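Asks: Supplied in structure tokens, the structure appears directly below.
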Amino acid sequence: MQPSMFNLRVPLAAGDEVFLMNTLTDAQIVVSSDVVALMDRADAGPLGDASGEEREALDVLWENGFLVENRDADRRSLDQYLDEVKSDTSELNITLLTTLQCNFACAYCFQGDHGDYNKRADKMSLDTARQTVEWMSRELDRVQPGKLVLTFFGGEPLLNLPVMYEVAERMWAATREQQVPMFVNIITNGLLLTPEVVDRMVPLGLNGIKITLDGDRDTHNRMRPLRGGQGTFDRIVENVRQVAGRCRISIGGNFDERSVDSYPALLEFLKQQDFADKLAKVFFKPIVRAEPVSPKGVIPLIPVAAKDTLNGTCMTSVGSGAGAGCDSCNVLDDKMTFLRQETRRLGFPTHDGVHNGPCHVHKQHAHTIGPDGSLYPCPGFTGQLALSTGHISDRHDAWRDSAREKFDRLAPWKACGDCAFIPVCAGGCVAASHAQLGDMNVPTCHKRSFESALVALAHAAASAAEEK
Ligand code: SF4
Ligand code: SF4
């Protein structure tokens, strides 16, 4: 018997208590330092001299996965867990890019109203939308999932409302017929969001809308203007006010070293709004950059993709935990920790920063569909046809089959040694590994940030335990 390699410990300030978490079982407990010492004794050898009370403690630790038979048992449990994640049928998760066009000219994005991008960018046709519905219906039949989670994304998804309505209506009917619950999300820049859109989507399973605000008013207007430079902040906030209360609204934001300091002001601003208590989540993340990280080094960000590799999906979400397109690789750093604390201090729900993965790329039943009907394992690869894993027509192309096999074999965590965060990280963002390191099996590591998020989680858990 020995302590699991997935145990994490955080000494708590008060008394001699220690927060223990096991990332594989997700067990979290606050124990006295005696219990920790007992675990360490178990590591040193058989505990034949343990008292009755100690035996009871050992039983609890064993039942919760803090003690395991040996390291091989830990490894076997990890493999089993990751296999289960991969084949999980509790949900069929589809991210559908209705268009790659965008009505913004964000400073950090190559998409949108820059040059003639929108003239070249793909937009899904109604015909492809119908074929997409047919493919999803076949998947529902084949996978028999516990639920369907359908996220509309882009580009700016609301620039192609006919496709969004067509797909949502048909899938709503298909899921009713098959008695599968359906949850719809929309990730939008918010400019075209109206009560009419929301009211039309609510009866079709609308679960949540994520809107991006990149800092306080001035900063957002600088970061996310229209092509003519006009600001968009006031209009978006007014749109949020109009729809708040009709469905779950989350606010996301993308920061860099120049804009990050404006986020506390944004949080204060949001707190003062009459819709503040209706925000389901507020979460910020670093910008996916194409250029090298600033020499100031404020944000130790590993870019998820360079311009020529992102090729399509809105950078609002790709590559880090923004909401739905990709909610997993919360690229964490000191500023992330600070913003998370500020967000919490003002009473907004946010991510804990520990439970990040494994992300969609590791799940067989999570797909991103591009406007031409190509399938991708996650939004981070959209537009890179060579990495398309299939097509809604179900036709077989050797290159797509080979891409799918490549993703099937992914195991970046194998290079992570005994890291205790593997069950909640799985080696980081594969799209980042591919774009920046040229190898999907090389981990992109933000361990230090996991560690600081863990400390916050420990103190929150300890406070919650005290309140009980
Ligand atoms: S590989 Fe990266 S971009 Fe893709 S789902 Fe995972 S974390 Fe997100
Ligand atoms: S990428 Fe880093 S934090 Fe994630 S599992 Fe690997 S070593 Fe751990």
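The values are calculated or read from the model by the stated rules, or taken from the named source; none is laboratory data. Because the structure is a prediction, the values reported are computed rather than measured. Every residue, glycine as well, gets a Cβ built from its backbone with ideal geometry; the counts of neighbours run over all protein chains shown.
Asks: Check segment 173-194 and report whether any residue there is closer than 14 Å to Thr98 by Cβ, assigned by TED's automatic domain parsing to the domain that holds Arg235 and part of a helix (DSSP H, G or I).
Replies: No, segment 173-194 contains no residue that is closer than 14 Å to Thr98 by Cβ, assigned by TED's automatic domain parsing to the domain that holds Arg235 and part of a helix (DSSP H, G or I).
Asks: I've got another one for you. Suppose we keep only residues that are outside any helix (DSSP H, G or I) and among the polar types (S, T, N, Q) within segment 424-448. Which one would you say is surrounded by the fewest Cβ atoms within 10 Å (Cβ to Cβ)?
Replies: Per the stated criteria, the residue is Asn441.
Asks: Within segment 399-412, identify whether any single residue is within 13 Å of ligand 1 (Cβ to nearest atom), within 24 Å of Pro286 (Cα to Cα), assigned to a helix (DSSP H, G or I) and not polar (S, T, N, Q), and answer yes or no.
Replies: yes
Asks: Of a type in the set (Val, Ile, Thr), away from ligand 2 (no atom under 13 Å from the Cβ) and not assigned by TED's automatic domain parsing to the domain that holds Met164: which single residue out of Ile392, Ile422 fits that description?
Replies: Ile392
Asks: Out of segment 413-424, which residues are in contact (Cβ under 8 Å) with a residue 60 or more places away in the chain and either near ligand 1 (Cβ under 10 Å from one of its atoms) or out of contact with any Gly (no Cβ under 7 Å at 6 or more places or on another chain) (or both)?
Replies: Asp418, Ala420, Phe421, Ile422, Pro423
Asks: Right, something else. Identify, by number, the condition in (1) over 21 Å from the mean Cα position of the chain (by Cα); (2) farther than 28 Å from Asn7 by Cα; (3) of a type in the set (A, V, I, L, M) that Ile94 doesn't meet.
Replies: Exception for Ile94: condition (1).
Yes/no matrix, rows are residues, columns are (1) within 16 Å of ligand 2 (Cβ to nearest atom); (2) modelled with pLDDT of 90 or more:
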| residue | (1), (2) |
| --- | --- |
| Val237 | no, yes |
| Cys247 | no, yes |
| Asp256 | no, no |
| Ser262 | no, yes |
| Glu268 | no, yes |
| Val288 | no, no |
| Pro295 | no, no |
| Met336 | yes, no |
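Asks: Considering only residues that are assigned to a loop (DSSP other than H, G, I, E, B) and surrounded by 11 or more Cβ atoms within 10 Å (Cβ to Cβ), which ones fall in segment 33-80?
Replies: Scanning segment 33-80 gives Leu47, Ala50, Asn64, Gly65, Phe66, Glu69.
Asks: Also, I was wondering about something else. How many residues, within segment 425-439, are more than 13 Å from ligand 2 (Cβ to nearest atom) and over 12 Å from Cys359 (Cα atoms)?
Replies: Looking only at that region, the number is 5.
Asks: Same structure, new question: Which residues, counting only those in segment 349-380, are away from ligand 1 (no atom under 11 Å from the Cβ), among the hydrophobic types (A, V, I, L, M, F, W, C) and modelled with pLDDT under 95?
Replies: Val354
Asks: Continuing with the same structure: Can you name every residue in segment 235-259 that is among the β-branched types (Val, Ile, Thr) and touching a Ser or Thr at 6+ places or on another chain (Cβ under 9 Å)?
Replies: Ile236, Val243, Ile251 - these are the residues of segment 235-259 that are among the β-branched types (Val, Ile, Thr) and touching a Ser or Thr at 6+ places or on another chain (Cβ under 9 Å).
Asks: I've got another one for you. Could you check segment 207-255 and list, in sequence order, the residues that are farther than 19 Å from Ala105 by Cα, within 23 Å of the chain's Cα centre (by Cα) and not in a strand (DSSP E or B)?
Replies: Selection gives Val240 alone.
Asks: Pairs please, first residue from segment 348-368 and in the same structural domain as Asp274 (by TED's automatic domain parsing), second anywhere and within 11 Å of ligand 1 (Cβ to nearest atom) and among the acidic types (Asp, Glu), Cβ atoms under 8 Å, 6+ apart in sequence or on different chains.
Replies: Sorted first by the residue in segment 348-368, then by its partner, the pairs are Cys359/Asp327.
Asks: Turning to a different aspect of this structure: Taking the residues in segment 183-205 that are in contact with a Phe, Trp or Tyr (Cβ under 9 Å, 6 or more places away or on another chain) and buried (at least 22 other Cβ atoms within 10 Å of the Cβ) as candidates, determine which candidate is nearest to Cys106 (Cα to Cα).
Replies: Result: Asn189.
Asks: Across segment 425-443, which residue is farthest from ligand 1 (Cβ to nearest atom) among those that are closer than 26 Å to Thr25 by Cβ and either aliphatic (A, V, I, L, M) or assigned by TED's automatic domain parsing to the domain that holds Arg142 (or both)?
Replies: Per the stated criteria, the residue is Ala426.
Asks: Examine segment 243-255 for a residue that is in contact with a His (Cβ under 9 Å, 6 or more places away or on another chain), buried (at least 21 other Cβ atoms within 10 Å of the Cβ), touching a residue at least 60 places away in the same chain (Cβ under 8 Å) and among the hydroxyl-bearing types (Ser, Thr, Tyr), and state whether such a residue exists.
Replies: no
Asks: Check whether at least one residue in segment 381-389 is of a type in the set (Gly, Ala, Ser), more than 14 Å from ligand 1 (Cβ to nearest atom) and within 24 Å of Asp334 (Cα to Cα), and report yes or no.
Replies: no
Asks: Still on this structure, I have one more. For Thr151, state whether it is in contact (Cβ under 8 Å) with a residue 12 or more places away in the chain, under 30 Å from Leu213 (Cβ atoms), out of contact with any His (no Cβ under 9 Å at 6 or more places or on another chain) and not in a loop (DSSP other than H, G, I, E, B).
Replies: yes
Asks: Keeping to segment 6-25, report how many residues are surrounded by fewer than 19 Cβ atoms within 10 Å (Cβ to Cβ) and closer than 20 Å to Val85 by Cα.
Replies: Within segment 6-25, residues that are surrounded by fewer than 19 Cβ atoms within 10 Å (Cβ to Cβ) and closer than 20 Å to Val85 by Cα number 1.
Asks: Within segment 406-419, take every residue that is farther than 17 Å from Pro377 by Cα and surrounded by 18 or more Cβ atoms within 10 Å (Cβ to Cβ) and give me the one that is farthest from ligand 2 (Cβ to nearest atom).
Replies: Trp413
Asks: Listed residues Asn93, Asn160; which is modelled with pLDDT of 95 or more, crowded, with 16+ Cβ neighbours inside 10 Å and not in a helix (DSSP H, G or I)?
Replies: Unique residue meeting the criteria: Asn93.
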